[in-house]
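S.K.: Sharing a structure below in structure tokens format, with a few things to ask.
The values are calculated or read from the model by the stated rules, or taken from the named source; none is laboratory data. The shown structure was predicted, so the numbers you read here are calculated from the model rather than taken from an experiment. Counting neighbours? That spans all protein chains shown, and the Cβs are built from the backbone with ideal geometry, glycine included. Just the protein is used for accessible areas: all its heavy atoms, side chains included, with ligands, DNA and RNA removed. Shrake-Rupley method; radii C 1.70, N 1.55, O 1.52, S 1.80 Å.
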Amino acid sequence: LTLIRWIAIIGQAFTIALVHFSLEFRLPLWPLLGAVALSTLINLVLSGFAATTRLTERSAALLLGYDILQLAFLLGLTGGLQNPFSILLIVPVTLSATTLSLRTTIVLCLLVVATASLLALYPSELPWYQGSFQLPELYVGALWLALVLGTALVAGYAWRIADEARRLSDALAATQMALAREQQLSALGGLAAAAAHELGS
């Protein structure tokens, strides 16, 4: 989780710098960089504990929830759902579906739906050449629907695959334990037979 968050932080900082300085789209630079800096600080703290501490499900869920809200904040300042990077709201839910419980994944899905709904209801203008750019309301509504359905489908599919993998792993572990028990019983039976043979002779 820490590694993936570092990739996200670097990607966010690079994209903001590219759009603002290279493409010359005027962005609210300081609020955007402040949000990225906060994520950097949190990840530095996590990195300090990574060698000795394993996150609980609650802690992991809170971090993923923060990631959703942080990305929603960045999107809210840069066009909302019109921003092509809004698709990345699916990523924290997908991570939850593969590593955390179904209940936690559902809660994070609802958080994505809530934030996407706010971004759709209160859209901001997308920074563009010589001003800004805004898509029609119907198109923004279609983007909202696609994001909500995509979140549900990807999360459901990822959780199902991860759950089947966990079940298979549990079954394999149970089989290995049963085989080990059988081997122990066979060994004990062999020792008992040898002892009986010795006593008989």
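S.K.: Being closer than 14 Å to Thr99 by Cα and either modelled with pLDDT of 75 or more or not small (Gly, Ala, Ser) (or both) is the filter here, so list the residues in the stretch 155-174 that pass it.
M.R.: Ala155, Gly156, Tyr157, Ala158, Trp159, Arg160, Ile161, Ala162, Asp163, Glu164, Arg166, Arg167
S.K.: Looking only at residues that are touching a residue at least 40 places away in the same chain (Cβ under 8 Å) and in a helix (DSSP H, G or I) in the stretch 130-151, which one is most open to solvent (accessible area, probe 1.4 Å)?
M.R.: Residue satisfying both the conditions and the ranking: Trp144.
S.K.: Report yes if Leu38 is at pLDDT 95 or above and assigned to a helix (DSSP H, G or I), otherwise no.
M.R.: Working: at pLDDT 95 or above: yes; assigned to a helix (DSSP H, G or I): yes.
When the stated conditions are applied, Leu38 passes them.
S.K.: Among Leu18, Leu38, which is surrounded by 11 or more Cβ atoms within 10 Å (Cβ to Cβ), of a type in the set (A, V, I, L, M) and under 22 Å from the mean Cα position of the chain (by Cα)?
M.R.: Result of the check over Leu18, Leu38: Leu38.
S.K.: Further question on the same structure: Suppose the filter is assigned to a helix (DSSP H, G or I), of a type outside the set (Asp, Glu) and either open to solvent by 50 Å² or more (accessible area, probe 1.4 Å) or farther than 30 Å from Ala165 by Cβ (or both); does Val113 pass it?
M.R.: Details: assigned to a helix (DSSP H, G or I): yes; of a type outside the set (Asp, Glu): yes; either open to solvent by 50 Å² or more (accessible area, probe 1.4 Å) or farther than 30 Å from Ala165 by Cβ (or both): no.
No: the conditions fail for Val113.
S.K.: From Pro127, Pro123, which residue is out of contact with any strand residue (DSSP E or B) (no Cβ under 6 Å at 6 or more places or on another chain), part of a strand (DSSP E or B) and either at pLDDT 90 or above or buried (at least 17 other Cβ atoms within 10 Å of the Cβ) (or both)?
M.R.: Details: Pro123 fails: part of a strand (DSSP E or B).
The match here is Pro127.
S.K.: What number of residues within the stretch 41-82 are in contact (Cβ under 8 Å) with a residue 12 or more places away in the chain and either within 30 Å of Leu138 (Cβ to Cβ) or in a helix (DSSP H, G or I) (or both)?
M.R.: Filtering the stretch 41-82 for residues in contact (Cβ under 8 Å) with a residue 12 or more places away in the chain gives 42-43, 46-47, 50, 55, 57, 60-61, 63-82.
Narrowing further to those that are either within 30 Å of Leu138 (Cβ to Cβ) or in a helix (DSSP H, G or I) (or both): 42-43, 46-47, 57, 60-61, 63-82.
Residues in the stretch 41-82 being in contact (Cβ under 8 Å) with a residue 12 or more places away in the chain and either within 30 Å of Leu138 (Cβ to Cβ) or in a helix (DSSP H, G or I) (or both): 27 in total.
S.K.: Criterion first (touching a helix residue (DSSP H, G or I) at 6+ places or on another chain (Cβ under 6 Å) and among the small types (Gly, Ala, Ser)) does Ala155 satisfy it?
M.R.: Yes; evaluated as a whole, the condition is true for this residue.
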